[in-house]
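One structure is given here, and the rest of the page talks about it.
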Amino acid sequence: MDILSDSEAWSPGHSHSSSVCDIDTPLTERSTLFGISTPDLLPSDRQFIAVVGGLGYIGSHTCLELLKAGYNTIIIDNLSNSYRGVFGRLETLVNAHYDARCEPAPLIRFHEADYRDESAMRQILEEYIEPPHILNNYSHDNTLTSRIKGVIHFGAFKSVSESIQEPLKYYANNVAGLIEFCSILNSFNIKTFVFSSSATVYGSIANSGKPLREEYCTHQTESFIDHDGHIKTVDGGCTGLTNPYGRTKWMCEAILSDLAVADPDWTIVALRYFNPVGCDGSGLLGEDPRGIPTNLMPVVVKVLTGQSPILNVFGTDYPTPDGTAIRDFIHVTDLARGHIAALAAASDGRVPKGFRTYNLGSGKGHSVLDVVSAIEAVSSSKVPIRSVERREGDVGTCVAMPMRAEIELDWRTEKSLESCCMDICNFLEHRKIESALVG
């Protein structure tokens, strides 16, 4: 399955409308055949990757890396935790990347929609049905062929603390939304799916102090060789999930695993993120949530920029060298490239059909105080801190064993915690310059 762009036949331009933004020729006409609306002007040989939540922090960086790797990309986002302006920044970065190489850019298209809106999603997906297939669809075989060859799903809510306060909001969006979305994809015969999962699925087992292996949280029976060299067999299940957010991610994985067992045509990859930080080296993309941030680095940034007076350190009595929680911090660009590696492996058949999980982490742990020291060293600024009680739902240690991704996806992290901090400072400097120009 070739999911790279055929870019030699297309020269991107710029056009916008209220419902979809493109840097390709806009869809100005549609025809209807067999009750299905199809675009007339979208080149029939184009294949796409669809990214739900593609203007958010991780989503935008993943879209950038997809486009730089040559993938035509469809972004679907309801802008609940992102900004439309991110699309323009992606345009700028992608055009600069390909202009420097004197090559035409892949297509990038944006649809503003909520992935839980069935009518909107069906209307969007209908635009990417293969017209030749429909025109020849006079047989009894009603299987659709989509130009969308894979979907990356970033549409979940992700705050641990908010999930504890509003669990129904999380179960409705993250779990119920996924079920309906997969049903829609199934009806369009789109069955390559990359799911944004989380290390929170490991629950309290993270406190064991051992690097976390995918087999520590499974959905079917698996056998593996553990750290001690012994063969172990585990049944599907989880251990001590500590918050509703983590439970939604585990439930979604279980649903996707069951779907893949029921229908072997699905290829589903669940990428378990550890702690993404940093931003693109250009300084044009960064972490800029609409709501109140709860992850460590954006909170540190608020203190650095004077928006918050002090950094609360939740727990200084963990059984760690300095008493603060230890996490596996991964540069968001490395994380984004993990999605490209997963798609490539699925395309090449290196990921077997069915359901497969991968840890995306560095395999190295850094404490909260390590992060504070690193950002202070890079920014030459002091970050005032205050020790407070542990936060509900947190664990003391959470570090990946990334070997499966290294072997099967040919993926590994490249960037250090220091480079994460340098890129954040670069992003802040760009934002300061932009604010001055606007002012």
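The values are calculated or read from the model by the stated rules, or taken from the named source; none is laboratory data. All values reported here derive from a predicted model rather than from experimental measurement. Backbone-built Cβ (ideal geometry, glycine too); neighbour counts: all protein chains shown. With ligands, DNA and RNA removed, areas are computed over all heavy atoms of the protein, side chains included. Shrake-Rupley method; radii C 1.70, N 1.55, O 1.52, S 1.80 Å.
Here is how the numbers come out for the structure above:
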{"quantity": "Cβ crowding within 10 Å averaged over residues, with 299-305, 247-253 ranked highest first", "calculated": "247-253, 299-305"}
{"quantity": "Rg and Dmax [Cα atoms of region 328-439; Å; Rg one decimal, Dmax integer]", "calculated": "18.1, 54"}
{"quantity": "Residue-span extension gain [GLN165 to GLU429] - 0.36 nm each, minus C-alpha spacing", "calculated": "91.5 nm"}
{"quantity": "Net length gained if the chain between ILE179 and SER119 were fully extended (0.36 nm per residue, minus Cα distance)", "calculated": "20.1 nm"}
{"quantity": "Given LYS210/LYS232; LYS68/LYS149; LYS68/LYS364; LYS210/LYS364, the pairs whose alpha carbons are separated by over 20 Å", "calculated": "LYS68/LYS364"}
{"quantity": "By average C-beta atoms within 10 angstrom, highest first, the peptides 151-159, 401-409", "calculated": "151-159, 401-409"}
{"quantity": "Tail beyond 21 Å, pair distance distribution of region 213-305 (Cα, percent)", "calculated": "54"}
{"quantity": "Accessible area per residue in Å² at 1.4 Å probe, computed on region 314-439", "calculated": "48"}
{"quantity": "Separation of alpha-carbon centers, region 231-298 and region 52-97, rounded to whole Å", "calculated": "20"}
{"quantity": "For region 97-242, share of DSSP beta bridges that run antiparallel, in % to the nearest 5", "calculated": "65"}
{"quantity": "Carbon/sulfur fraction of accessible area - the chain, other protein chains in place, 1.4 Å, %", "calculated": "52"}
{"quantity": "Angle in degrees between helix 332-348 and the longest Cα principal axis of the chain, rounded to the nearest 10", "calculated": "40"}
{"quantity": "Packing-based order for 171-177, 192-198, using average beta carbon neighbours within 10 Å, highest first", "calculated": "192-198, 171-177"}
{"quantity": "Nearest-10 value in Å² for the accessible area of VAL395, using the 1.4 Å probe", "calculated": "20"}
{"quantity": "Lysines whose Cα lies under 21 Å from that of LYS302, excluding same-chain neighbours fewer than 8 positions away", "calculated": "LYS158, LYS382, LYS432"}
{"quantity": "Candidate values (1) 117, 54, 45; (2) 50, 50, 45; (3) 69, 60, 39, label of the one derived for Cα extents along the principal axes in Å", "calculated": "(3)"}
